[in-house]
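Step one of this worksheet: look at the structure below.
The values are calculated or read from the model by the stated rules, or taken from the named source; none is laboratory data. Note that the coordinates shown come from a computational prediction; the quantities given were computed from them, not determined experimentally. A quick note on method: Cβ atoms are made from the backbone with ideal geometry, for glycine too, and the neighbour counts reach across all protein chains shown. Surface accessibility is based on the protein's heavy atoms, side chains included, excluding ligands, DNA and RNA. Shrake-Rupley method; radii C 1.70, N 1.55, O 1.52, S 1.80 Å.
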Amino acid sequence: MTRRLVLTNEAARHPLRRALPPPVTAKPRDDDHDIKLFLLSFAAFFTCFYSFFL
């Protein structure tokens, strides 16, 4: 007996919830983004304060 390809969430019991797509899992957080944001902020503040003191 072959099984049909289903695009529904079989874990849901209610017919309306079964028609919804399965929940999306969270992607792992990229720690490289935090370092880039820190360096960009540091450079912006350094440029700002350096321009005030010149």
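Brief remarks follow.
- Count of the stretch 40-54 residues which are among the aliphatic types (A, V, I, L, M) and open to solvent by less than 100 Å² (accessible area, probe 1.4 Å): 2
- Any hit, the stretch 34-54, residues being outside any helix (DSSP H, G or I) and at pLDDT 70 or above: yes
- Residue under evaluation residue 12, criteria (1) among the hydrophobic types (A, V, I, L, M, F, W, C); (2) modelled with pLDDT under 70; (3) exposed (fewer than 10 other Cβ atoms within 10 Å of the Cβ), criterion not met: (3)
- Test result for residue 7, modelled with pLDDT under 90, assigned to a loop (DSSP other than H, G, I, E, B) and over 22 Å from the mean Cα position of the chain (by Cα): yes
- Complete set of residues in the stretch 16-39 that are surrounded by 10 or more Cβ atoms within 10 Å (Cβ to Cβ) and hydrophobic (A, V, I, L, M, F, W, C): 19, 20, 35, 37, 38, 39
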